[in-house]
Number of protein chains: 2
Amino acid sequence: MRNILFVLWIFGVSLPVRAQILNSPDQNMTLAFALDKQGTPVYTLNYKDKEVIKSSKLGFEIVLSKLGVLDLTRNFTVISITTDSEDSVWNPVWGEEKEIRNHYNEMLVKLSNADRFMNIRFRLFDDGLGFRYEFPKQEKLYDFIVKEEITEFNLAGDHNAFWIPGDYETNEYVYLTTKISEIAVNRERAITRIKTQVPIDGAVVQTPFMMKSDDGLYINIHEAALVDYPAMHLSVDINDWKLCSHLVPDVWGGKGDIYTPAKTPWRTIIVSDDARHILASKLILNLNEPCRFEDVSWIKPIKYIGVWWEMFVGKGTWNYTDDTHIKLSVTDYSKLKPNTTHSANTANVKRYIDFAAKHGFEQVLVEGWNIGWEDWGGKVRTDLFDFVTPYPDFNVKELQQYAADKGVKVMMHHETGASVANYERRLDDAFRFMKEHGYNAVKTGYVGWIRPKGEHHDGQWMVNHYIHVANTAAKYKIMVNSHEAVRPTGLHRTYPNWLAQESARGTEFEAMAGLPPEHTTILPFTRLMGGPMDYTPGILQTIFSYHSPKKTKQAGTTLVKQLAYYVTIYSPLQMAADLPETYERFTDVFQFIKDVAVDWDHTYILEAEPGDYITISRKAKGKNEWFIGGITDENARMANITFDYLPVGKQYIATIYEDSKTAHWKTNPMSYQVRKVLVTHKSNLKQYLAPGGGVAISIKEVSDKTEIKGLKRL
Amino acid sequence: MRNILFVLWIFGVSLPVRAQILNSPDQNMTLAFALDKQGTPVYTLNYKDKEVIKSSKLGFEIVLSKLGVLDLTRNFTVISITTDSEDSVWNPVWGEEKEIRNHYNEMLVKLSNADRFMNIRFRLFDDGLGFRYEFPKQEKLYDFIVKEEITEFNLAGDHNAFWIPGDYETNEYVYLTTKISEIAVNRERAITRIKTQVPIDGAVVQTPFMMKSDDGLYINIHEAALVDYPAMHLSVDINDWKLCSHLVPDVWGGKGDIYTPAKTPWRTIIVSDDARHILASKLILNLNEPCRFEDVSWIKPIKYIGVWWEMFVGKGTWNYTDDTHIKLSVTDYSKLKPNTTHSANTANVKRYIDFAAKHGFEQVLVEGWNIGWEDWGGKVRTDLFDFVTPYPDFNVKELQQYAADKGVKVMMHHETGASVANYERRLDDAFRFMKEHGYNAVKTGYVGWIRPKGEHHDGQWMVNHYIHVANTAAKYKIMVNSHEAVRPTGLHRTYPNWLAQESARGTEFEAMAGLPPEHTTILPFTRLMGGPMDYTPGILQTIFSYHSPKKTKQAGTTLVKQLAYYVTIYSPLQMAADLPETYERFTDVFQFIKDVAVDWDHTYILEAEPGDYITISRKAKGKNEWFIGGITDENARMANITFDYLPVGKQYIATIYEDSKTAHWKTNPMSYQVRKVLVTHKSNLKQYLAPGGGVAISIKEVSDKTEIKGLKRL
């Protein structure tokens, strides 16, 4: 039903005047839109009669090529306001749910500003609001540059916030938890000055930006469907608790090149008084466009191991030789002296393939297989990798055959060094090389300063690049796992071959600057709101050497918490990141990693509090198997795990992987036990989690009565 | 023979001290190299005891990533000086000569600057000097940014110069002829403020830079083998007549990213006391690397017509509709209203194919065949053309078949709008599309502001792009004709599929800002020194309408001069640019365009004076046919045409296409006559050329005695 309202707009003195109201389907959320007396579009958002967003401005400053700056924040008039609604379900190619309901009420506001036109489309769901700007085809707005998008999020209080500082290049920060008013003074503390960080000045935070109000509202601000537009950061007014969109500039300082007809990404505000509903929200996915591909039969979730962690722990190197000054298609590697530490050699990769085949992993990631790593990391070099030339000790064809014989695939690695124009030039050749050699998935990397010079990881040009890669990969039926790319905004609905991204601190930071125990209790409320993360969990040897046997490092988790990550950190692409030899030493707990699914029918968020704990249960896709992960921050806790989602009247074997009573992430991280119990839909488990610890549970149907002999019923 | 001299270097007070001398093979040219007392490398160049280059500095200022600016202009010491020589011949795939002699003496100067190393390699030919900098592989110079190259050309006098002003984006200027001392005051006069011009401040000129000294020396400064380096302009010290290299910066102001081992392009100084030797020089080609391709059988010179001039004279349009706001893969052109003026429609292209087949042209260029032209020309849009989607009225498959049946090929057109990253993304698809549809040659275009933003047409990134296109095209056996690219530096030796370039004002300017009659008497001494130009001559209807029948324009030539261009403006790719209906009206003179060769065994520069006149005769490749072109500037003249290169003892029919006695480029341009005479190797022709006029002569063997009946012997 299409309900068109033509509203006679009356300008008043208070703000907002003659607001147009839209309610969510369940009536809990209320959006109001109005023009204020300056003709500025403003909106408010309420949840169960609590203010979420106070009157906040919407608009732009733009630059027109001959006319200069044009103010699109005032002097608007309303042409029309129409409402619409949607209630449908769709099935993702893979995901946390096999079916997703898309249920919202919509308000489309058509505005004019003299002879220029701008629409604002609001979609109000039960769990939040999405809105975007649309510029219809029009004579007086053909192409323009965004000088600044003025989208305000005027908050109702000095909420607790979970945030990382603004940075156009990276999201690889530890999250801080402070009041909004304390963001500026804590900014320096957030910066660890690793090489890839280029924090920007001022009180600016990145999205997804998570908050909790004193009266118990959970609020998450992010964006959906970031396409052909720069990523949005948020400038923070620490006194008025007002956020404003802060777009990533291009090399000339512009904030987006727009040609009409055009639309911005959706600005999203997810709200609930129950933190679990934030994690369960599908609002961002629903605001993305449906899958672009007709044939998706080639897209499959992947569990994999990799020639990767051994380089971090000092057992090997990416580079093949200690020689440098390498030139592509000039340097003859066969004449260089090998360094004997090169990990991606044929024999070693075969060892990984054997291990993957033995334990049921689909793929083996191999980093450092291709020439160029010797000179990696400079600011200047552009022609560093060609993505098609293996090191002399990496026999592509031999490994292709070997892997195929074992039913395993090798996962490609394309580290671009952020020399993106070089990558684009070589992209077709690189993908053709992959297809010719049996690869169907690639991990991409963007470490360093973007070239074309002056562009940023999160700018419009790069945003388009990542999508270009996903799109081009799809032509070759290749799946993509991007690292150091702009954080996700639900585009995996549209491009489901873009399986996962990094775009946050993952396991590699256990070996570098470190990860505090609370890190992964915040990630699902922030970074993961946009899409799956290739976190690469599974470090069972949580105390390890780092680059040299003398220097040891330690993960910020217990061993068991690493298992829980396979459930709490959702991804259709999950790595078992530790060394094969480690897993051979821990066959009991390794069994959980082998068993755990990577695609799901249903997800049940059992407990959640950002920064403190998360407990999630998921049903494996197409199987009567459930997997539970629970984690806590630096504090021990008793998790309350329910099973009421299990089919009624059946009993199941639950294998519980738990921290021992003496376990502690810092002092005794690898102390664990494994026990089996029987559970039904009525069961209830009070489960101890050690400080920095977790729990992992696999639940299987009883196939044979002898299995349950001696098992206690929960 | 390798003659190695280890020289004990003694620092003196005068400059240069203890110069190391190198002579050209014919002993006419003398290079001296020395270090001055500051340890600065300096050189001088003499020709027949006349000073060409007075003591001039060589060196760099560079930026090292952690150390900052490093001065590589002083404090050098000599490690070694070695000499070498070469005398060989090679055969270009196509060219003005079927065999080219490479004959030079070489001096390699190895220098150190504390613990950093730089070499200078000089090659002295009979017709000039080439030298380049080489940075060997070394520990303390891995990668760096050129802050400025300090290569001086300290001239011996206030020469007459033929020049266009510095501009990082375009070479599309009219040449000015002034004293060097007058360059600054005439700069404004050189600028016509067309949209593509972005002249840079100060007394800066572009290369090839042509000079004539008061005592009759002709000097040309340019560069050879411009690869992975920005193009060189020349800063002019108008008081001291000193030129200094001025490189095109990147977006950060850097003048080249270098990683060792590395070498710069060759800096070239071609010198003679006979202007004809400048035009005959093969020095720049000799300094380029040999052909990179093993199989060159697919590379063929091309004579072509095109759906092109009709758009200039207002008979058609590139765009298909008057609608705008086109979006690739969104806009449905079949729903847009055609404008009825679109030239690249199937029926019209068939008419051109018919004409090409009838008159023996290999190809038909079609511009405006692909979607996107409606919104062309903005600064902002990047995703403007996809290079694979034809307009609804251009039937690719039908035309492929039609052209194939007639033995003709359609020439592809890729206008990028300078959105180069977009082009690179689509390059493989575009070339695959070409191969699938029978195309083997593409005209590329780069009109507009380069995106990646902030890069320049002549900067290092774009220099690499053009080569990338040539290289990628070669993979598909495609020939390239680039417009608006950086001016050539002899790279067509290395990439012979890169047939020709524009990179100067060609025929299109007859329809736009105009071309003075002297323009083409200067071009061969400037722009053409680097390589062939797709000038697109052959406008026989020299007075024509321009975009509307009411407005007429006029070429700066007589009709006959347009014929002469096929010989005086060398290119393996020659267009007959006028309308088919025009050629049908001038079948007598059109015969010359049909007859003239596009590849040559030998070239004879008969007369030449920059800015005044040029007369050239060439022998067709593998045929006993010769073609002569003679042109003059705005003054009438009597050309003195000799035939002593014809085989002795034979007589030939010469068809002379000449200006009538009353012809004049301005007042009576289309008045001509055609006559036939008999010539032998002893013949001599005093030929009248009208103001702004020319002469064209074809010479064929007598095949049948009846042909010569009634012909006068010259």
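The values are calculated or read from the model by the stated rules, or taken from the named source; none is laboratory data. What you see is a predicted model; the values in this text were computed from it and never measured. Note that we place each Cβ from the backbone using ideal geometry, even for glycine, and neighbour counts take in every protein chain shown. Accessible surface areas use protein heavy atoms only, side chains included; no ligands, DNA or RNA. Shrake-Rupley method; radii C 1.70, N 1.55, O 1.52, S 1.80 Å.
Farthest towards the positive end of the charge dipole of segment A:3-286, among the residues A:262, A:129, A:80, is the Cα of A:80, using unit charges on the Cβ of Lys, Arg, Asp and Glu.
Take each residue in B:250-263, count the other chain C-beta atoms within 10 Å of its C-beta, and the mean is 3. A simple charge model with +1 on the Cβ of Lys and Arg, -1 on the Cβ of Asp and Glu and nothing else charged puts the dipole of the protein assembly as shown at about 1500 debye relative to its Cα centre. The charge dipole of segment A:505-714, taken about its Cα centre with unit charges on the Cβ atoms of Lys, Arg (+1), Asp and Glu (-1) only, comes to about 520 debye.
When the Kirkwood radius is taken over all Cα pairs of segment B:78-204, what Stokes-Einstein diffusion coefficient follows at 20 °C and 1.002 mPa s, in µm²/s? It diffuses with D of about 114 µm²/s by this estimate. For segment A:202-289, the set of chymotrypsin sites (Phe, Trp or Tyr not before Pro) satisfying both a DSSP loop assignment and a count of at most 15 other C-beta atoms within 10 Å is given as A:252. Its Cα gyration tensor gives chain A an equivalent ellipsoid. The semi-axes, each the square root of 5 times an eigenvalue, are 42, 33, 23 Å from largest down. Annotation: Cα Rg of segment B:523-648 relative to the compact-globule expectation 2.2 N^0.38 Å equals 1.11. Quotient of the Cα radius of gyration of the protein assembly as shown and 2.2 N^0.38 Å, N being its number of residues: 1.04. Of the residues in segment A:137-182, those shielded by at least 40 Å² of accessible area once partner protein chains are present, compared with the chain alone at a 1.4 Å probe, are A:137, A:142, A:143. Once you have a ≥ b ≥ c as the square roots of the Cα gyration tensor eigenvalues for segment A:566-714, tell me rounded if a/c is under 1.5, and otherwise prolate or oblate according to whether a/b is larger than b/c. Because its axes are fairly even, with a/c under 1.5, segment A:566-714 counts as rounded. Here, P(r) means the percent of Cα pairs in each 10 Å bin from 0 to the largest distance; for segment B:59-115 it is 18, 27, 20, 21, 14, 0. Mean projected area of the convex hull spanned by the Cα atoms of segment A:173-230, taken over all viewing directions: 5.3 nm². The long axis of helix B:346-359 is offset from the longest Cα principal axis of chain B by roughly 80 degrees. In segment B:189-273, Rg over Rh equals 1.01, where Rg is the alpha-carbon radius of gyration and Rh the Kirkwood radius from pairwise Cα distances. Taking the three principal axes of the alpha carbon atoms in segment A:115-156, the coordinate ranges are 37, 20, 15 Å, sorted in descending order. The label point for residue A:189 and the one for residue B:636, both projected 7 Å from the Cα toward the Cβ, are 9.3 nm apart. Note on segment B:505-714: antiparallel DSSP beta bridges, both residues inside, total approximately 95 percent of the bridges counted. In chain B, the DSSP beta bridges split such that about 85 percent are antiparallel, to the nearest 5.
Rounded to the nearest Hz, the phi-derived 3J(HN,Hα) couplings of segment B:241-249 under the Karplus curve 6.51 cos²θ - 1.76 cosθ + 1.60 (θ = phi - 60°) are 6, 10, 9, 9, 3, 9, 8, 6, x, where x marks glycine and proline.
The distance separating the Cα centre of segment B:667-684 from that of segment A:498-529 comes to 82 Å.
Placing a label point 7 Å from Cα along the Cα-to-Cβ axis, residue A:80 is separated from the same position in the other copies by 8.3 nm, shortest listed first. For chain B, the longest principal axis of the alpha carbon atoms and the long axis of helix B:460-475 meet at an angle near 50°. The residues of segment B:505-714 expose, per residue, 34 Å² of accessible area to a 1.4 Å probe. Put simply, what bits of segment B:460-487 lose 30 Å² or more of accessible area when the other protein chains are there, versus the chain on its own (1.4 Å probe)? Listed by number, the residues meeting the 30 Å² cut-off are B:461, B:468, B:475. Projecting the Cα positions of B:437, A:343, A:677 onto the charge dipole of the protein assembly as shown (unit charges on Cβ atoms of Lys, Arg, Asp and Glu, taken about the Cα centre) puts B:437 furthest along the positive direction.
Counting, for every residue in A:326-339, the Cβ atoms of other protein chains within 10 Å of its Cβ and taking the mean gives 1.
Each part gets one Cα centre, and for segment B:588-643 versus segment B:300-357 those centres are 34 Å apart. Structural size metrics of segment A:293-366, computed from C-alpha coordinates, are Rg and Dmax of 16.4, 49 Å.
Interface residues of segment B:340-383, defined as a loss of at least 50 Å² in heavy-atom accessible area between the chain alone and the complex of all protein chains with a 1.4 Å probe, are B:380, B:381. Fully extending the segment from residue A:140 to residue A:609, taken as 0.36 nm per residue of separation minus the present Cα-Cα distance, adds 163.9 nm. The convex hull drawn around the Cα atoms of segment A:3-286, when projected onto a plane and averaged over every direction, covers 15.8 nm². For the protein assembly as shown, adding -39500 (n - 2.57) for each run of n ≥ 4 DSSP H residues and dividing by the number of residues yields -4500 deg cm²/dmol at 222 nm.
Peptide B:696-708 is shielded by partner chain Cβ atoms: per residue, an average of 0 of them sit within 10 Å of its Cβ.
Buried surface between chains A and B: roughly 3800 Å² of accessible area, summed over both sides, computed with a 1.4 Å probe on protein heavy atoms only. Ordering A:185-192, B:56-63 by mean Cβ neighbour count within 10 Å, with the highest value first, yields B:56-63, A:185-192. Counting only protein heavy atoms and a probe of 1.4 Å, the accessible surface of segment A:361-406 is 49% carbon and sulfur. Share of carbon and sulfur in the accessible area of segment A:505-714 stands at 51%, probe radius 1.4 Å. Against the main long axis of the alpha-carbon atoms of chain A, helix A:559-568 sits at an angle near 40°.
Within segment A:396-466, none of the trypsin sites (Lys or Arg not before Pro) combine a DSSP coil assignment with at most 10 other C-beta atoms in a 10 angstrom radius. Equivalent-ellipsoid semi-axes for segment B:390-451 (Cα gyration tensor, √(5λ), whole Å, largest first): 25, 11, 10. Assuming charge only on the beta carbon of Lys and Arg (+1) and of Asp and Glu (-1), the dipole of segment A:32-144 about its Cα centre is about 500 debye to the nearest 20.
Here is the list for segment A:212-313: GluC sites (Glu not before Pro) lying in DSSP coil, each with at most 10 other C-beta atoms within 10 angstrom of its C-beta, are A:294.
Rolling a 1.4 angstrom probe over the protein heavy atoms with all chains in place gives segment B:3-286 an accessible area of 37 Å² per residue. Cross-linked pairs A:350/A:435; B:57/B:179; B:327/B:358; A:409/B:435: Cα-Cα separations exceed 28 Å for B:327/B:358; A:409/B:435. Here, segment A:360-468 yields an orientationally averaged convex hull projection of 7.2 nm² when only Cα atoms define the hull.
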